[in-house]
Amino acid sequence: MKASSHDEFRDFVAMRSTALLRLAVLLTGGDRHAAEDLLQIALMKSYGRWERIEQPEAYIRQIMYRQQVNRWRLRRHRAETTVPVPPESGTAADAGADAELRVALWAALGRLNKRQRAVVVLRYFEDLPEAEVAELLGCPIGTVRSTAHRALGKLRTLVPELGPEEAGKQTQPLSYTPKEARG
């Protein structure tokens, strides 16, 4: 690899590693060590091809998605990672209320099964279209839609603070009205 490409790779890692690590943490269900491993593997795989990569961040994210799906397929069921209990709740006007909701949502995300978690992360955190999520996970678009619907329902059950107004916003792209009812 040329010295200029090496410097470019090093600069990219310095600038984007935090955002990529956040994605890896979400994909691994909150396991920071597994997330670091996932990111490291993706960076190692991209390093040798760096000069030929046109969109480095997209390429590395793709490696991370596929690597994590492979881990899920190969690994047997293992114990869930425990999450610390959130602090005592404050008032609704408390600035910590949003933090508590994030902690509760984080814990609930960890309780989804692997496919549901992957669909929610890719669809709503990464904001990818259903077709791209389906391609990344190697399944039909209908499977992505039904998995997202079930996952959002489970999240609403696990985190009732989301409320119907928040839930309605999230599921709007998944809504379906039969032709007869559109009338």
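The values are calculated or read from the model by the stated rules, or taken from the named source; none is laboratory data. Remember, it's a predicted structure, so these values are computed and weren't measured experimentally. Because the Cβ atoms are built from the backbone with ideal geometry, glycine has one as well, and the counts that use them run over all protein chains shown. Heavy atoms of the whole protein, side chains included, go into the accessibility calculation; ligands, DNA and RNA do not. Shrake-Rupley method; radii C 1.70, N 1.55, O 1.52, S 1.80 Å.
Overview of values
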| quantity | calculated |
| --- | --- |
| Residue check for Ala104: surrounded by 19 or more Cβ atoms within 10 Å (Cβ to Cβ) and more than 14 Å from the chain's Cα centre (by Cα) | yes |
| Cross-chain or 6+ apart pairs with Cβ under 8 Å, the stretch 28-47 first and more than 28 Å from His6 (Cβ to Cβ), then surrounded by fewer than 19 Cβ atoms within 10 Å (Cβ to Cβ) and of a type in the set (Gly, Ala, Ser) | Thr28/Ala34; Gly29/Gly110; Gly30/Gly110 |
| Qualifying residue in the stretch 25-38 (condition: at pLDDT 85 or above, among the basic types (Lys, Arg) and surrounded by 15 or more Cβ atoms within 10 Å (Cβ to Cβ)) | no |
| Identity of the residue in the stretch 42-60, open to solvent by 40 Å² or more (accessible area, probe 1.4 Å) and in contact with a helix residue (DSSP H, G or I) (Cβ under 7 Å, 6 or more places away or on another chain), that ends up farthest from Asp127 (Cα to Cα) | Glu51 |
| Residues of the stretch 52-64 classified as closer than 20 Å to Leu128 by Cα and either in a helix (DSSP H, G or I) or of a type in the set (Ser, Thr, Tyr) (or both), total | 9 |
| Members of the stretch 139-183 that are hydroxyl-bearing (Ser, Thr, Tyr), at pLDDT 50 or above and open to solvent by 70 Å² or more (accessible area, probe 1.4 Å) | Thr157 |
